[in-house]
Structure formats: structure tokens, C-alpha cells
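The values are calculated or read from the model by the stated rules, or taken from the named source; none is laboratory data. Since the model is a prediction, treat every value here as computed from it, not as a measurement. Methodologically, a virtual Cβ is constructed for each residue, glycine included, from the backbone with ideal geometry; neighbour enumeration extends over all protein chains shown.
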Amino acid sequence: MRKDLTINKTQISEWIENENPEIIQQTEHALEQYAACFQETPPVGLKNRILEQISGLNAGRQIIDLKNPPLLTEKSNLLDWTLALKGIEPPMDFEDIHLEPIHQDEKVQLFVAWVRKLVPEEVHHDLLESFMLLEGSCTCHIKDINGNTRQVFMNAGDFITMQIGEEHDIEITSEKPTKAILQWLKIAA
């Protein structure tokens, strides 16, 4: 005959609220025994599958040198950029948008951008604007040169490039300011 292992919420509350060290130790022991009754052995090979997944996630990693950063692309790694930008923070009292320059040369400008509410509508004719969200979420409202509109919902790790001539504005949907790595890539005329 199997022992009844039923525990109700009232019993758990009484055990947790008790200040007697002996009863607390007995409670811990009872809970460990209870958990052991339901312990399952993981499937054979699970450990190797998990380690392979972790290896795959780390395969594309690189250390980013902010003095000579790579171009931002759809293959850019959120963790790589987060680590590279660690310690760079906006002023506490910034209004709605703050851009912190990171790198600039004749072809590209790179910024860390923080936005509280909205990036007003803009259009670029001489550069490609790309960004990857590092923190927060937003909705991009985009109208192409033919007048077609679309919305793109973005979260941390998402990447987008605004094409030449696309009108766009960005609405922040997270409670905290959105943080992004922003790239302006100049196009030869």
C-alpha cells in the first residue's frame, strides 16, 4: 500500500511560518523526500543536445572593438553588442531621445540611442539607417516610396534597415526607454 503524499496549502503555510528550527528542518526534509518521489531520469542524450544548442548559440560570437566596430547587419549578435556597450548610459534627465556617438568615419556613423516615447517621422535620401534593439520594444511605422505602409513590431535582438526614401517613425511600446545600436551608412551619390 502506497503512503498518502497529499500536502495542502494550509500545512505548507504552517510549516513555513513556524520559527522552531527543528520543525523547519523536518519540513525541509519532508519536502525533499516528497520531491524525490516524483523525480524523473532525463532522456538519454539530453545533456549532449543541450550542450550542442549552447555551442551553436556561442558559435557566431565576437568581441566588438568600439574603436573599429563591424557594420551592423541582420547577423549582428545582441549579446556581443550588449557587452561592448556595457557602462555607456544616457544622462538621467534626457528628454525623449538621446544619441551617444560611438564611431564615425567617412562611410558610417554609429550611436547608442535611447528613446522614451517616439522618434518623429523622418526620411533619408543619402543614407541607410539600421538599428538593433538592445532593450525594450517598439513599433516602426514605415511608408515606402510607392506609398505602401507597414508596421514592424520589434523587441530586444531584432534588427531592421530603413531603405532609401522610406518615411518612418518609431513608437516606443515598452515602459522603460528603448535602447538601440543605431547605424547611418552613407550611400555614394
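Descriptive notes on the structure:
- Any hit, region 41-57, residues being surrounded by 10 or more Cβ atoms within 10 Å (Cβ to Cβ), without any contact (Cβ under 8 Å) to a residue 12 or more places away in the chain and under 30 Å from PHE111 (Cβ atoms): yes
- Looking across region 145-154, the residues that are over 15 Å from SER174 (Cα atoms) and touching a strand residue (DSSP E or B) at 6+ places or on another chain (Cβ under 8 Å) come down to THR149, ARG150, GLN151.
So that you can scan it fast, the table gives a plain yes or no per residue for (1) farther than 30 Å from ASN68 by Cβ; (2) in contact with a strand residue (DSSP E or B) (Cβ under 8 Å, 6 or more places away or on another chain); (3) without any contact (Cβ under 8 Å) to a residue 60 or more places away in the chain:
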position: LEU83; (1), (2), (3): no, no, yes
position: GLU100; (1), (2), (3): no, yes, yes
position: LEU118; (1), (2), (3): yes, yes, yes
position: GLU121; (1), (2), (3): yes, yes, yes
position: ASP126; (1), (2), (3): no, yes, no
position: ALA156; (1), (2), (3): no, yes, no
position: ILE170; (1), (2), (3): no, yes, yes
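- Subset tally (residues that are under 28 Å from THR82 (Cα atoms) and in a strand (DSSP E or B)) for region 117-169: 31
- Scan of region 138-158 for residues that are more than 16 Å from VAL119 (Cβ to Cβ) and either buried (at least 17 other Cβ atoms within 10 Å of the Cβ) or of a type outside the set (Ser, Thr, Tyr) (or both), ordered by number: ASP144, ILE145, ASN146, GLY147, ASN148, ARG150, ASN155, ALA156, GLY157
- Residue among ILE172, ILE187, ILE145 that alone is over 25 Å from GLN104 (Cβ atoms), at pLDDT below 95 and not aromatic (Phe, Trp, Tyr): ILE145
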